[in-house]
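Quick notes on the structure that follows.
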Amino acid sequence: MTNDDMLQHSLKAQSLLLPNAASRRPLTDFFSRALSAFQSSSDSAQKFQVICTAPLSFSSNHAPSASAATAVANGAQGKPYPEVPPAPIPPAKRPHTLIVLDSSFNPPTLAHLRMATSAVEDIIRRKGSGETDIEGLRLLLLLAVVNADKAPKPASFDQRLAMMWAFARDVQHALRGEEDELPEVLASGPGPKPQITNNEEKEGPKGLDITVDIALTAKPFFHEKSRAMAESEFYHAPSPGQEDTMEQVILAGYDTLIRIFNPKYYGPPTSPSQLIKPRHKHDPTREGTPMQQALDPFFKRAKLRVTTRTDDEWGGKEEQLKYLEGLMGEQGLENMGGSKEWASRIEMVEGRKDGEEIVSSTYARKAAEREEWGKLGRLVSPGVGKWIEGERLYVVDVKAGGVD
């Protein structure tokens, strides 16, 4: 399905997150069509696609100028931003920073929201808050549908996409400082915060208005997803031999970090000597270990922003920081087949603090299963909570799975 086709279908959507099922149906139909088109594509290179964009607020001075955005606005008949239906809106030029939240979104939680908003605020604080700096920053919500022919449980992919759309707008509300639309738990509740220098709290930028894309991928591994995003025409991929000016910031939890550096995902080394052969930092022609071959290009274009995940399964904060320190030590990465230069591309930020309520997708599913909507509201953002309650997701035949 082309962008124009998806836009035509999306213009039939009348509103978002209204109480009755009939008003929600056009949105789920849109995501079902987009998902089906992605899964059935005959193009073998079709492994990444942005299916819709939550644009800047139309009340902002930075309203999108792309023709797709204009068509959306016309299709919405002048309605305000919250009622604008979804459509893919490419940037006018290549972004300087693409923040990527890759998750199962089953469902997205307040912990995910804090990961996203803190990353945006931290990057703007470092780069500056000028108009050019903000416009060159985009947030991407990425859903992997590797096992597309197997029905996902307990929420289908099209329902997850609908929750991602609601979540995208909740992120935008939070960044704009519209506190009246968000639960009080966001002010002091769970989730990662920007890394603080000298343990001093910093005031984050206010009134940020950024574009959020929602995309699908059939790539199973981070380095493959990263390459697909870098080569996507949606983000104006550079020509062969041209320097890539877009940096990816991959948001990940501690559990994901463990998987990224697990050698089993990259295959055995071609020879034992590769594990001990010295690496030349400025010699990109050397093959190296399978992990080096996969992750060297990844870390040239991307950074990892890792959030601590303190719970019974993954241990406490000190244990996780100790692992990271060992990883970044003189031979930590090299001992597992990696490169010590990668350490400078990894940042650890604080997640849940001691004494704070644990927020996870598993707990959110349990709350919905028991129809504890008040509790669910402390675990997910408002738009996501309304969608789950309206669609009665997770209420029937749900078995608790692992925390994700």
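Annotations for the structure displayed:
- Net charge of the neighbourhood of VAL212, taken over other residues with C-beta under 13 Å away and scored Lys/Arg +1, Asp/Glu -1, is 0.
- Which of ILE99, ILE134 is most accessible, then next, and so on - probe 1.4 Å: ILE134, ILE99
- Checking the Cα-Cα distances for LYS225/LYS264; LYS264/LYS300; LYS47/LYS93; LYS93/LYS153; LYS127/LYS225 against a 29 Å cut-off, the pairs over it are LYS93/LYS153.
- Counting heavy atoms of the protein chains alone, ARG370 has an accessible area of about 140 Å² for a 1.4 Å probe.
- In terms of packing, defined here as the mean over residues of other Cβ atoms within 10 angstrom, the peptides 288-299, 222-233 line up highest first as 288-299, 222-233.
- Estimated FRET transfer efficiency when R0 is 41 angstrom, pair ARG370-GLU178 (beta carbons, to 0.05): 0.85
- Extended-chain gain in nm, criterion 0.36 nm per residue less alpha-carbon gap, GLU287 and ILE358: 21.3 nm
The values are calculated or read from the model by the stated rules, or taken from the named source; none is laboratory data. Bear in mind the structure is a predicted one, so any value in this text is a computation, not a measurement. Quick reminder, even Gly has a Cβ in these numbers, built from the backbone with ideal geometry, and neighbours come from all protein chains shown. With ligands, DNA and RNA removed, areas are computed over all heavy atoms of the protein, side chains included. Shrake-Rupley method; radii C 1.70, N 1.55, O 1.52, S 1.80 Å.
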